[in-house]
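A.B. asks: Below are the structure tokens for one structure; questions will follow.
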Amino acid sequence: MENLDSYIKKTLRDIIYHNLPRVKNIYKTTLSVDLGDVSELMKCISIRHDIVHRNGKDKNGNLRDISKDDVSILAQKVSDFIQNIENQFLMQSIDDSEIDSLFNL
């Protein structure tokens, strides 16, 4: 129990947050937040990986072709993803305050 805080901090630091299936499970079980279908974002994360780690090429050495429209579409997907999370937190906050007011807390 003495090392619980440091264990938790290390565990959270070691999570790769662009591994959305793992993060999705963590959000659901700890925060009751459903990240929804992350498959499209995972495809984008794979492309990002190729850009960052493979100099813009896929595993077969083919250059990734990314347009300005692709970036705009991704920006909207990410914005929608974040808005979904924020809406769920907001709904939880409203629910908590409604419960508090019912019991005069």
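A.B. asks: Please work out the Cα center distance from region 58-82 to region 10-44, rounded to the nearest Å.
C.D. replies: 19 Å
A.B. asks: Give the total of Lys-Lys pairs in the chain with Cα-Cα distances below 15 Å; include a pair only if its members are 8 or more places apart or on different chains.
C.D. replies: Working: Lys43/Lys57; Lys43/Lys59; Lys43/Lys77; Lys68/Lys77.
Close lysine pairs found across the chain: 4.
A.B. asks: Sticking with this structure for a sec: For Lys57, what residues show an amide H to amide H distance below 5 Å, using hydrogens built from the backbone and excluding near sequence neighbours?
C.D. replies: Answer set, sorted by chain and number: Arg64.
A.B. asks: Then there's this: What FRET efficiency would be calculated for the residue pair Gln83, Lys43, taking the C-beta separation as r and a Förster radius of 30 Å, to the nearest 0.05?
C.D. replies: Here the calculated transfer efficiency is 0.90.
A.B. asks: Among (i) 18.0; (ii) 16.8; (iii) 21.3, which one is Kirkwood radius over Cα pairs in Å computed from these coordinates?
C.D. replies: So the structure-derived entry is (ii).
A.B. asks: Please give the helix 20-31 orientation as an angle from the longest Cα principal axis of the chain, in degrees from 0 to 90, rounded to the nearest 10.
C.D. replies: 10 degrees
A.B. asks: Kindly identify region 5-54 as rounded, prolate or oblate by the Cα gyration tensor criterion: order the square roots of the eigenvalues as a ≥ b ≥ c, call it rounded if a/c is under 1.5, otherwise compare a/b with b/c, prolate if a/b is larger, else oblate. It would help to have the intermediate numbers written out before the result.
C.D. replies: On the way: a/c = 5.06, a/b = 1.35, b/c = 3.74.
Here region 5-54 falls in the oblate category.
A.B. asks: For Leu31, tell me the accessible area in Å² from a 1.4 Å probe, rounded to the nearest 10.
C.D. replies: Answer for Leu31: close to 70 Å² accessible.
A.B. asks: Still on this structure, I have one more. Measure off, as a whole percent, the carbon and sulfur share of the 1.4 Å-probe accessible area of the chain, all protein chains present.
C.D. replies: Carbon and sulfur: 55 percent of the exposed surface of the chain.
The values are calculated or read from the model by the stated rules, or taken from the named source; none is laboratory data. As the structure is a computational prediction, the values presented were derived from the model and not from experiment. Ideal geometry is used to build each Cβ from the backbone, glycine not excepted, and the neighbour counts take in all protein chains shown. Calculation scope for accessible area: heavy atoms of the full protein, side chains included, ligands and nucleic acids excluded. Shrake-Rupley method; radii C 1.70, N 1.55, O 1.52, S 1.80 Å.
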